[in-house]
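Reviewing the structure listed below.
The values are calculated or read from the model by the stated rules, or taken from the named source; none is laboratory data. Keep in mind the model is a prediction, meaning the values are calculated, not measured. Positions of Cβ are generated from backbone atoms using ideal geometry, with glycine treated the same way; all protein chains shown enter the neighbour counts.
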Amino acid sequence: MSDVQARRVLISGITGQDGSYLAEALVAKGCEVHGLVRRLSHEDGSRLRHLDGLMRERRIVLHAADLSDRGAIRRIFESVSPAEFYHLAGQSHVGLSFEIPESTFTEVAGSTLALLEICRDLPEPPRFYHAGSSEIFGNPAEVPQNEDSAYRPTSPYGCAKAFAVNLCRVYREAYGLFVSSGIAYNHESVRRGENFVTRKIVMSAVRAARGDDQVLELGNLNARRDWGYAPEFVDGIQRILQHHEAGEFVLATGALTSLREFVAGAFRAVGIDIEFRGEGSEEIGLDGATGKLLLRVNPRYFRPLDPLNLVGDASKASRELGWRPTVRGIDLAAKLVSDELAEGPPERH
Amino acid sequence: MKKALITGITGQDGSYLTEQLLEKGYEVHGIIRRSSSFNTSRIDHLIENDEIYNSRLFLHHGDLTDSSNLNRVLERVGPDEIYNLAAQSHVKVSFEVPEYTAEVDAVGTLRFLDAIKETGLARKVRFYQASTSELYGKVQEVPQSETTPFYPRSPYGVAKLYGYWIVVNYRESYGIHASNGILFNHESPRRGETFVTRKITRAAGRIREGLEDVLLLGNLGAQRDWGYAPEYTEMMWRILQQPEPGDYVCATGEMHTVREFCEHAFAAVGLPVEFTGEGVDEKGICKETGRTLIAVSPNYFRPAEVEELLGNPAKAKRVLGWEPKVTFRDLVTIMAEADWNLAKREVAQKGH
């Protein structure tokens, strides 16, 4: 960063999985990174734990403001005047969206709308990245899905994300703003919250290997997902905003893996061969060597509607951005287990 | 006696639907927004009728942005059928007030469905959602049917598409009898004056009577599938009488330009026009006097114009037995004559 002015970027959702990886990557590239964080009356620290290193070294600037506070957000945009804005914030749990559909809309769709409005009014609108989601395809009309596939969301989360992706396109087409959506399929890491299924499985495998007595409870083991590795997706996100043309980009591995296969892969990575017995809500998983119960199905985790065949065709991102993910499916399960073990002993519950 | 609850009861569709349901013997409840000045002109003839108002027609204060209010109204009324017609329904205005549009058109629909689920009415009530051809926006095929992919081009279209999907979602997740009517443009003398059809017929009558000089419009080449509103509200009712919920395109299957609409409307008031010039320089000239009656103003261009909205109502015809009977020419004539009469009345009042 000699005589060249550092690229200034602003990130919403900077404390989350993608936001924290993105902040690290952009800092490493010499960007001046600003982040939006919700103000809490009590800061427990854990929320910012992924940013610990960056904060210690004063490599990022955090601005406290709730996305629902339009005035505060507008002032931050005006004072930071970012060249790029990455909008990653929002309630991101699909199952939870059935319980809290309205706040899911507010956080996912309403905030995107407000941010687009704010950017539209700026003298120099930043390049705008919106974190879309494969959930907009829900029950897809075609397999795999690409940027032109019809949106058919099957959850309140998917409906809200479809709203946001459509709205980004409307703002791009109507006002000529540089607004792009990454339509990302599941992408996982050790920074996922434990209420997400991959992290839950990985943590359970690590604990089982340590000999802890615990039984992993999961929903539909036949559910299949296109799972990738979050740091690779964060690389895709950056490429999207550096591209000469704004648009929608599917980010996906193109491989479908069932929950059952993922479980088997994670346990195999810690040296346990899991055997599945029974069917449907009666299905259980046993330690093949000892016969110990490791997993049972709990219908509590069934979704009212489970998307089928959500698998992405990322050939546009590959062709136009040169983006090619390498970690997928069962390899991902093993990768997450080794990352987890490298992070040190997991906290006990 | 069946009970119906209608949001947007003071609007064009709400008022026609109310009349039709009362005629079918329903008890009708309407939700109206609280405001310092009531805009109930379209249902005043019902409110002023003592045999109807507060005996078979009831109005409740409410707002789609207030969940607890929706819950209370639902519990008090206990409706068999709900028609969710309330919306910020003006496409161009939605670019100016997108957040409000989203709040009412998208979240309002969600709040309603969630209230139905929470009040235990999910198995009893039937829900009609006023969806719109604006969902198709930049059309992916012509004509558009229930299976055509959506491509909304305005904040209004995006918000309405959320409403559409959340209806499908609540139907599939919770078994609610919830249906979408994907209505193409439907017009009548009760259409709001800011909508292009009404703006044209109103101007035709007023120019004819010397109350105005010239009509300014946006894109004259824009094409629409225009039907007659009372036929479309009849279809809403038919959708809710089906044993199974579903989504239906409601359209005439014919497309006409704004220019054609103008020609018929001005001819109906005795001012035949012909168009000359192109783009912003295009003008509608009176064939008899050579006066310019219609001109183009870029102020009325939409940021992103929607083209070739043409509906395929085959499913509605097959399943519901619904077919529109009022032709395009009839529709324009009905509207132009009604507005001409209003203009004549205004002149007469001024004369006194």
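At a glance:
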| item | result |
| --- | --- |
| Residue among B:F150, B:F127 that alone is facing another protein chain (nearest Cβ under 10 Å) and aromatic (F, W, Y) | B:F150 |
| Selection within the stretch A:228-240 - touching a Phe, Trp or Tyr at 6+ places or on another chain (Cβ under 7 Å) and outside any helix (DSSP H, G or I) | A:G228 |
| Number of the condition not met by A:F163 [criteria: (1) away from every other protein chain (no Cβ under 12 Å); (2) buried (at least 24 other Cβ atoms within 10 Å of the Cβ); (3) within 20 Å of A:F249 (Cβ to Cβ)] | (1) |
| A:P153 being surrounded by 20 or more Cβ atoms within 10 Å (Cβ to Cβ), assigned to a loop (DSSP other than H, G, I, E, B), more than 9 Å from chain B (Cβ to nearest Cβ) and without any contact (Cβ under 8 Å) to a residue 60 or more places away in the chain | no |
| Segments classed as strands (runs of 3 or more DSSP E), wholly inside the stretch B:247-336, with at least 1 members that are touching a Cys at 6+ places or on another chain (Cβ under 7 Å) | B:273-276, B:283-286, B:292-296 |
| Evaluation of A:E124 against (1) closer than 24 Å to A:H187 by Cβ; (2) more than 11 Å from chain B (Cβ to nearest Cβ); (3) among the charged types (D, E, K, R); (4) surrounded by fewer than 20 Cβ atoms within 10 Å (Cβ to Cβ) (one fails), failing number | (1) |
| Residue within the stretch B:155-164 that is within 10 Å of chain A (Cβ to nearest Cβ), in contact with a strand residue (DSSP E or B) (Cβ under 7 Å, 6 or more places away or on another chain) and not charged (D, E, K, R) present | yes |
| Flag for A:G182 being in contact with a helix residue (DSSP H, G or I) (Cβ under 8 Å, 6 or more places away or on another chain), within 14 Å of chain B (Cβ to nearest Cβ) and either under 30 Å from A:G265 (Cα atoms) or of a type in the set (S, T, Y) (or both) | no |
| Single residue of B:V168, B:V214 found to be within 14 Å of chain A (Cβ to nearest Cβ) and β-branched (V, I, T) | B:V168 |
| Unmet requirement for A:T198, which otherwise passes all of (1) at positive phi; (2) more than 14 Å from chain B (Cβ to nearest Cβ) | (1) |
| Extreme residue, nearest to the other protein chains (Cβ to nearest Cβ), among residues of the stretch B:130-147 that are closer than 13 Å to A:Y151 by Cα and touching a residue at least 24 places away in the same chain (Cβ under 8 Å) | B:L135 |
| Residues satisfying the stated conditions in the stretch B:129-184, i.e. in contact with an Asp or Glu (Cβ under 6 Å, 6 or more places away or on another chain) and surrounded by fewer than 24 Cβ atoms within 10 Å (Cβ to Cβ) | B:V139, B:V142, B:E146, B:T148 |
| Those residues of the stretch B:8-24 which are without any contact (Cβ under 8 Å) to a residue 12 or more places away in the chain and of a type in the set (A, V, I, L, M, F, W, C), in sequence order | none |
| Every pair of residues 6+ apart whose Cβ atoms lie under 9 Å, when the first sits in the stretch A:23-35 and is farther than 16 Å from A:L241 by Cα while the second is outside any strand (DSSP E or B) and hydroxyl-bearing (S, T, Y) | A:G35/A:T15 |
| Where B:E99 falls short, out of the listed (1) assigned to a loop (DSSP other than H, G, I, E, B); (2) free of Cβ contacts under 8 Å to residues at least 12 places away in the same chain; (3) over 17 Å from B:A251 (Cβ atoms) | (1) |
| Search result, residues across the stretch A:168-195 that are closer than 22 Å to A:I14 by Cβ, among the charged types (D, E, K, R) and outside any loop (DSSP other than H, G, I, E, B) | A:E188 |
| Any pair with Cβ under 7 angstrom, 6 or more apart, that starts in the stretch A:99-118 at a residue that is facing another protein chain (nearest Cβ under 7 Å) and ends at one that is in a loop (DSSP other than H, G, I, E, B) and polar (S, T, N, Q) | none |
| Restricting the stretch B:59-114 to residues that are within 14 Å of chain A (Cβ to nearest Cβ) and among the charged types (D, E, K, R), the residue that is farthest from B:G8 (Cα to Cα) | B:E96 |
| Members of the stretch A:246-300 that are surrounded by fewer than 19 Cβ atoms within 10 Å (Cβ to Cβ) and in a strand (DSSP E or B) | A:S258, A:E275, A:F276, A:R277, A:I284, A:L286, A:D287, A:L293, A:R296 |
| Selection from the stretch B:139-167 of residues that are polar (S, T, N, Q) and farther than 26 Å from B:F301 by Cβ | B:S145, B:T147 |
| Candidate set: the stretch A:71-109, residues that are assigned to a loop (DSSP other than H, G, I, E, B) and out of contact with any helix residue (DSSP H, G or I) (no Cβ under 7 Å at 6 or more places or on another chain); chosen: the one surrounded by the fewest Cβ atoms within 10 Å (Cβ to Cβ) | A:E99 |
| Total residues in the stretch A:188-238, condition under 19 Å from A:L256 (Cα atoms), of a type in the set (S, T, N, Q) and touching a residue at least 60 places away in the same chain (Cβ under 8 Å) | 3 |
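Here's the yes/no breakdown for (1) of a type in the set (S, T, N, Q); (2) at pLDDT 95 or above; (3) within 21 Å of the chain's Cα centre (by Cα):
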| residue | (1), (2), (3) |
| --- | --- |
| A:Y229 | no, yes, yes |
| A:D235 | no, yes, yes |
| A:H244 | no, yes, no |
| A:T253 | yes, yes, yes |
